[in-house]
Structures are given as C-alpha cells and as structure tokens.
1. So how long is each side of segment 128-183 along the principal axes, counting just the alpha-carbon atoms, biggest first, in Å?
2. Could you work out the helix-only [θ] at 222 nm for the chain, with each DSSP H run of four or more residues adding -39,500 (n - 2.57) and the total divided by the number of residues, to the nearest 500 deg cm²/dmol?
3. Go through segment 128-204 and name the chymotrypsin sites (Phe, Trp or Tyr not before Pro) that are in a DSSP coil and have 13 or fewer other Cβ atoms within 10 Å of their Cβ.
4. Å³ per residue of the Cα convex hull, for the chain?
5. What dipole magnitude, in Debye to the nearest 20, does the chain give about its Cα centre under +1 on Lys/Arg Cβ and -1 on Asp/Glu Cβ?
6. Based on Cβ point charges of +1 for Lys and Arg and -1 for Asp and Glu, what charge dipole magnitude is obtained for segment 97-226 about its Cα centre, in debye rounded to the nearest 20?
7. Loop-only GluC sites (Glu not before Pro) in segment 139-202, please: DSSP not H, G, I, E or B, and at most 11 other Cβ atoms within 10 Å.
8. Compute the normalised compactness of segment 170-253: alpha-carbon radius of gyration over 2.2 N^0.38 Å, N being the residue count.
Amino acid sequence: MRRLEMKPTIRDVASLANVSPATVSRVLNNKPVREQTRKKIESAIQKLDYYPNMLAQNFVSNISYHIGVTMTERKGLTAVDQFNPVLLQGILEVAKNRNYSVTLIPTCEGADQNNSLVDLFRRNAIDGAIILDPSDNTSLFFELLKYEIPAVVIGRIPKNLPIPTVDTDNVEGIYLAVKHLLRLGHKKIAYLSAPLNYIASQDRYAGYQKALAECGIGPNPKLVLEKEASFEGGYQGMLQFLAGDFEATAVSVYND
C-alpha cells in the first residue's frame, strides 16, 4: 500500500529558505521582514506547495478570521431581499481583501437571534458581527455590549448605545417626499407603513407626521395603514385603501 506523503510544515519551509520558523510566521502574517528574505520564503512556500494550518494559527492567536452577518428571513418577496444582497456583496469583497470569511447567521422574523450570535462569538467562531436590518430588539444590543462583541449595525438603534451604525436619514427621506406632495396641493395624504416594530419604520412614520404638522394637518388614523414590507404587503395595502371610504388624493409609502 502506498504511503501517504506528509504535508509540508512551517519547519520545512524555514529549512528550505534557511530562516527560522518565526521568520516564516512573520511573512505568513504580513509582518515586516527584509524584502530579500520575504522572496526566499515565498519561493519556498511555492516549491513545497505549503498551506498554513489556519486552525492551529487561530488557536494560538485567538482570532477566527470570521465575521458573523445576521440576516432576517421574511415571508414573501420583500424590498429587503433585494437590498441586503447588495450589502452582503460589499461585505464579502472587503472581507476577502482582509483574508476574512463571512459566516451568515439567518434568523426568522421575530425569533431571538441573540443566542446564536453570542454563542458563536464565545466559541471564537467569529471575531465580530454585522447586524443587517435590525428590529427594535434592544436585548440584542445589550448582549453585544455585555460580551464586548465588536459589531456594526446597518440601521438605527436606540440612542445612547455606544455601537457603531451605518444608516440613511429615514425621517428626512419621507419628510421630503410628503413635503413634495403638499407643495403640489395635496392635503389628504395617506401613508402605507411597514411594521412599526422596526426602528426605520418608526423614523419614516415620524417624517410623515412632521411634514403634515408643519402645514397644520393633524393625524388621521384612517389614512395610515401598516403592512408587511413586501411587494404583496404593498399590493394588499393599496387594495385595502381603495376598498374603503378612501378620501386621500395622494399616497406616501414606506419604500418601493
């Protein structure tokens, strides 16, 4: 029976390049060494077809080189289903350039995503997290702080929490849209909202109310409808508007 060849080790690379294993390690971790030495080591790595043992490296450094990305699964086709893949593509590109991998953490809408995220971090399976499309789940944010999980949230979170976020101005966006309708002469403007348990939904609804209030128009519950943020939700919402005693002359919606 043919004997399996042993995989080359870091010591084999060091021996071929006539350097110490520590110097090889510096090259593998992109730390500064003399250019001539780096070329010798890279040549030895290529000749031996050497691949570093990432599991062993991660164990020693306590770094997994994985980033967790949470994504909420929803029923039906939603605008978020088109938006999140664009964000994910950007995350993957940057992670790849930094030699990181991305671990997706799918969660069902309304489910507790805290346990899986915290568990992965405490087992050193991820080094940090990116939270896409967060609901008004304050317990998740407190868990991030409690376990000191490095994280960035795509979307707004409750104020006074020291967690980095990337977001658009949801209040201003809807405010400008409604102001445009008001300038066109509309006074009865309906609003089709996504579920208000999402902070972005709350902000956009606030923008709608702000624009009306500036023109002295009070709230009218009959002109506000809350539906799922999906194509089907938008369709059913407009049907419900039109089926009743619909007095509005224009409609502002949560998104397209």
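Please treat every number below as a calculation from the coordinates, not as lab data. Quick caveat: nothing in here was measured; it's all calculated off a predicted structure. Counting neighbours? That spans all protein chains shown, and the Cβs are built from the backbone with ideal geometry, glycine included.
1. Computed over the Cα atoms, the extents are 50, 16, 16 Å.
2. Using -39500 (n - 2.57) per qualifying helix, the result is -14000 deg cm²/dmol.
3. Sites meeting the loop and neighbour criteria: Y147.
4. 195 Å³
5. Computed charge dipole of the chain: roughly 1260 debye.
6. My answer is approximately 540 debye.
7. Filter output for segment 139-202: E148.
8. Taking N as the residue count of segment 170-253, the ratio is 1.01.
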